[in-house]
Structure formats: C-alpha cells, structure tokens
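Here the structure comes first, spelled out in structure tokens, and everything after it is commentary.
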Amino acid sequence: MAPEQSPSRRDFIKASATAAAGTAFLTSVVNPNRVFAAGDDTIKIGLVGCGGRGSGAASQALKTEGKVELYAMGDMFMDLLEKSQKRIEASVKGNDTAIINVPEERRFAGFDAYQKVIDSGVDVVILATPPGFRPIHFEAAVKAGKHVFMEKPVATDIAGVNKVLEAAKKAKEQNLKVGVGLQRHHQFTYRDIVKRIQDGEIGDVVALRVYWNGGGVWDPRMAREEASSEMEYQLRNWYYYNWLCGDHICEQHIHNIDVGNWIKGAYPVRAEGMGGREVRTDPKYGEIFDHHAVEFTYEDGTKMFSQCRHIPNCWNSVSEYAHGTKGYADVSGSSYQSYGGDKYRYRGEKNDPYQTEHDDLFHAIRNNISYDESEYGAMSTASSILGRTATYSGKSVTMADLLASNKSIMPEEMSMSATPPTTPGKDGRYPIPVPGVYKPY
C-alpha cells in the first residue's frame, strides 16, 4: 500500500472480511504447497512465545478438526516454556487427535528460539511473543514457507507495520495461510451485527465510539534486583515498555479500533488526541501512559471517538457503538435501535471466537483454501500506533505521513546484555513521552 493512499471500502472488505467471516466465505485456489486432507495428515505446529496467550493459542490449534501435533516450542526463557507445556498438556487431556511431542531437542530458549522453531520441521508457526518481535518473526516464517497464526498487534512501531505488509505480499504469492488474533472477526454476534450495519440497517454510519476502559493488567512480575540485566528486566515485564508492547492502546485497544475499521471498511487517515500518566506513576510501570483519548477521522469525514484507560475504581467499558443516519448500534451487544423505534438483538448461536479463529485457519490449511488476515491486522495495528502517536505528541498526525516515516523504536542489538531503547535515569524513572515535545515522525 502506498503511504499516501487510503484503501476503499470495497478493497478493505475484499482483503479482510472475506478471510475473517469464516470458512463459508472462503474461495478455493490451487496451492503449490503441501495439501492436508482432513483426518489423514497430521499438521505439525511450532509455538513461539509461551505466555498465557501463546499457551491458549496452541491449545486451540490442537483442538481443531483432524490430527494436530505440537512439535516444537520456543521462548526467551526456558522456565516460561516449561510452564506453558504443562498448561497445554492439561488443556487437551483426553483429546485423541491432539498430539504433544516436544522433546528436549525441540525446546528452544533465547533470542534465536523463533528461528529454531521455524527450522524444526513444522507446518504452522504460532507467533505469540511480545508484539515488538512480531514483524521479525513473521518475516522469517514467510521466508521459510510456513503458514502462520500471529497474535495482535502485529508490531509496536510503523517500521514493523511496513515490514509485516511487505512480508504479507510474499505470503500471498506463496499461498500461505495467515491468521491474526483479532478474534471478533470470528465471533458470531459481531459478524451478524457488523454485516447488518454494512447492509445499511442503521443508515450511513456517521460516528463510532470505541472503548477499552479498565483497571489495568498484571503488575510487573520481576523486581529489578532479580534481573540479570536491564534487558531481562524489560523482557520479563514487557507490557510496560513501548518497543515490546506498544502501550495498551496498541496491545488491548486495537480490538475496538479494529471493529471500527471493520464497520467502516476503511482505516483512519488522521488522528488527534490526548493522554498521560496520571495514576500509574511508579517507576515499575515503565514508560507507558495510563489513559488515551483519540479522535480518529476517516477519509469520508466519519469520526471514531476512542478511549482506553488503565486506572482502577473508575467507570469501565470494553465496547463499540455505531451511530447512523437511521439509528444506532451497540456493536459489542449485537443490537441496534432505529430512530423510528425498531429494535433488533442477535438471538442466534454463540461461539468461542478464540477457538473459531483457529478452526477457520486450520480448515483453510487442510482444504487448500485462500486465507489471509495479515493486511487488516497490520493496518489496524497502524491505526492504533496512529492514535498513540497523536496522544504522545499532542499533534494532528496523518496515516500517510506516519507510514512514510517508517519510524522504528526497536533496539539495534538483540541480546540479553544489549541496551534497550529506553533506560531509567538516576532516579530510577523512565522518560515519559511529553505532548508538545515528542516528535511524531
């Protein structure tokens, strides 16, 4: 995608909704790669990133139809890998089609663990490390010709987004299947209400409101004196460092921003916002903000008003709303009401979208079906970074300029003794982005 261009609604829906809407909407193509006949061949998976989400993703992959074998695992730290393997084994106990076969020689730790997993003989790679590493790992998996499931966000900086978009082109050329962990696209309630909104049942959408307001996530897990280096300290407490996490507007709020993009069939072209660090001020919380509020603008002038917060004892909401010329919708509640009084609420079957996203991906792999969620995963990540850049800088930021900047926040060297991009001062505090001072590009 050229930086100055904004994709049309038709292009967006073609690139994203088709893949995400489930297997009923997928189109068969000729695949020069290995074809898996359901029930005959075992799909070997490799897990890269053995935290809670990686363990969950591997368990869900093992529960898909047909034989699936967890064949290799990799993480920065061996202790996390060992805990993960035990969790996965417990989660699939009694499932005859799930095979866990990860001997010591296929368990890898360190910065190069991802490459060793990719090279171990697996068919599918699950990428679930802290998202700063996602572009590097995705690029390597595609180069090796592997199908991929990667968690969101797919990057923490715009250079990473551009790397993912470039690798996505190569994945498409090789007919590799790529799933992205924006699971609302696979949730029956969301798919129903989004389609109704796109079909015009509340008229033309003129405004969106999206929220991830809550009390926060896990506290830092390792004290500074327990870490062997600053690099280990940040890796163990990855959520609080931008190069690893991208701030919670990227790591969490991307889900809600992505729903807005899905509804519009487009991505924001501009953003303004404000944010800061009001309550979570202890140095142990690294460098990220505890609140962001952003006004996104789409090419047609539609506004999306976005809030995310990590402050306890406040009003909380994880939700999305669409306002149209004929009515308004509670998207997360899968309902709408017209201004004339007509009401609708989804009453159909419900599902576990975390499982369904793997069911759909593995169905595509086994049945030689085109499947690619990488573009909307990358561009919803870019939208989240656009919002973060607006709140950090206090400036009006455009998507075109952001993509063209190719700005990176990743470290130049990847080793446990290397210096991370941000380090604490003499007072133990990390420098916090200051609006009006922080440079957006």
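The criterion of being at pLDDT 95 or above and under 15 Å from Gly46 (Cβ atoms) does not hold for Val161. Looking at Gly246, Gly179, just one residue is open to solvent by less than 10 Å² (accessible area, probe 1.4 Å), in contact with an Asp or Glu (Cβ under 8 Å, 6 or more places away or on another chain) and closer than 23 Å to Tyr298 by Cα, and that residue is Gly246. One residue stands out among those in region 65-87 that are surrounded by 23 or more Cβ atoms within 10 Å (Cβ to Cβ) and not aliphatic (A, V, I, L, M): the one that is farthest from the chain's Cα centre (by Cα), which is Tyr71. Within region 130-140, being touching a Phe, Trp or Tyr at 6+ places or on another chain (Cβ under 8 Å) and farther than 16 Å from Ile409 by Cβ holds for His137, Ala140. Counting only residues that are in contact (Cβ under 8 Å) with a residue 60 or more places away in the chain and touching a helix residue (DSSP H, G or I) at 6+ places or on another chain (Cβ under 7 Å), region 431-441 holds 2 of them.
Would you check which residues across region 310-319 are part of a loop (DSSP other than H, G, I, E, B) and either open to solvent by 40 Å² or more (accessible area, probe 1.4 Å) or within 20 Å of His186 (Cβ to Cβ) (or both) and list them? Pro312, Asn313, Cys314, Trp315, Asn316, listed by residue number. Residue selection: Ala404 fails the criterion of being of a type in the set (A, V, I, L, M, F, W, C), more than 30 Å from Val122 (Cα to Cα) and in contact with a Gly (Cβ under 6 Å, 6 or more places away or on another chain). How many residues are farther than 22 Å from Thr156 by Cβ and of a type in the set (Asp, Glu) when one looks only at region 261-281? Count: 1. Close contacts from region 97-109, counting a first residue that is at negative phi and a second that is open to solvent by 60 Å² or more (accessible area, probe 1.4 Å) and modelled with pLDDT of 95 or more, with Cβ to Cβ under 7 Å and a gap of 6+ residues or different chains, come to Thr97/Lys67; Ala98/Lys63; Ile99/Lys67; Ile100/Glu89; Phe108/Lys116; Ala109/Met78. Of everything in region 208-229, what is surrounded by 12 or more Cβ atoms within 10 Å (Cβ to Cβ) and over 18 Å from Asn313 (Cβ atoms)? Give them in sequence order. Within region 208-229, Leu208, Arg209, Val210, Pro220, Met222, Arg224, Ala227, Ser229 meet the criteria.
Is it the case that Thr381 is modelled with pLDDT of 95 or more, open to solvent by 10 Å² or more (accessible area, probe 1.4 Å) and hydroxyl-bearing (Ser, Thr, Tyr)?
no
For region 408-441, what are the residues that are of a type in the set (A, V, I, L, M, F, W, C) and more than 18 Å from Asp112 (Cα to Cα)?
Quick first cut of region 408-441, residues of a type in the set (A, V, I, L, M, F, W, C) only: 409-410, 414, 416, 418, 432, 434, 437.
Listed by number, the residues that qualify are Ile409, Ile432, Val434, Val437.
Does any residue of region 402-421 turn out to be open to solvent by less than 30 Å² (accessible area, probe 1.4 Å), in contact (Cβ under 8 Å) with a residue 24 or more places away in the chain and not in a loop (DSSP other than H, G, I, E, B)? Yes, that holds for at least one residue.
A count restricted to region 162-175 and to residues that are open to solvent by less than 10 Å² (accessible area, probe 1.4 Å) and not small (Gly, Ala, Ser) stands at 1.
Here His185 fulfils each of the conditions (1) closer than 24 Å to His310 by Cα; (2) of a type outside the set (Ser, Thr, Tyr); (3) buried (at least 16 other Cβ atoms within 10 Å of the Cβ) apart from (1). For region 320-370, the tally of residues that are in a loop (DSSP other than H, G, I, E, B), open to solvent by less than 60 Å² (accessible area, probe 1.4 Å) and under 20 Å from Leu208 (Cβ atoms) stands at 5.
Taken together, Ala141, Ala90, Ala159 contain a single residue that is open to solvent by 10 Å² or more (accessible area, probe 1.4 Å), assigned to a helix (DSSP H, G or I), over 20 Å from Ser380 (Cα atoms) and of a type in the set (A, V, I, L, M, F, W, C), which is Ala90.
Each row is one residue, and each column tells you yes or no for (1) at pLDDT 95 or above; (2) small (Gly, Ala, Ser); (3) assigned to a helix (DSSP H, G or I).
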residue: Ala24; (1), (2), (3): no, yes, yes
residue: Val30; (1), (2), (3): no, no, no
residue: Gly39; (1), (2), (3): no, yes, no
residue: Leu70; (1), (2), (3): yes, no, no
residue: Met73; (1), (2), (3): yes, no, no
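A search for C-beta distances below 6 Å between a residue of region 347-375 that is β-branched (Val, Ile, Thr) and any residue that is part of a helix (DSSP H, G or I) and open to solvent by less than 10 Å² (accessible area, probe 1.4 Å), counting only pairs 6+ apart in sequence or on different chains, returns Thr356/His186. I'm trying to understand the selection: among the residues of region 358-398, which are of a type in the set (Asp, Glu) and under 18 Å from Asp258 (Cα atoms)? Hits for region 358-398 are Asp372, Glu373, Glu375.
The values are calculated or read from the model by the stated rules, or taken from the named source; none is laboratory data. The structure presented is a predicted model; accordingly, all values stated were derived computationally and were not measured. Cβ sites come from the backbone with ideal geometry, for glycine too, and all protein chains shown count toward neighbours. These area figures cover heavy atoms from the full protein model, side chains too; ligands, DNA and RNA do not enter into them. Shrake-Rupley method; radii C 1.70, N 1.55, O 1.52, S 1.80 Å.
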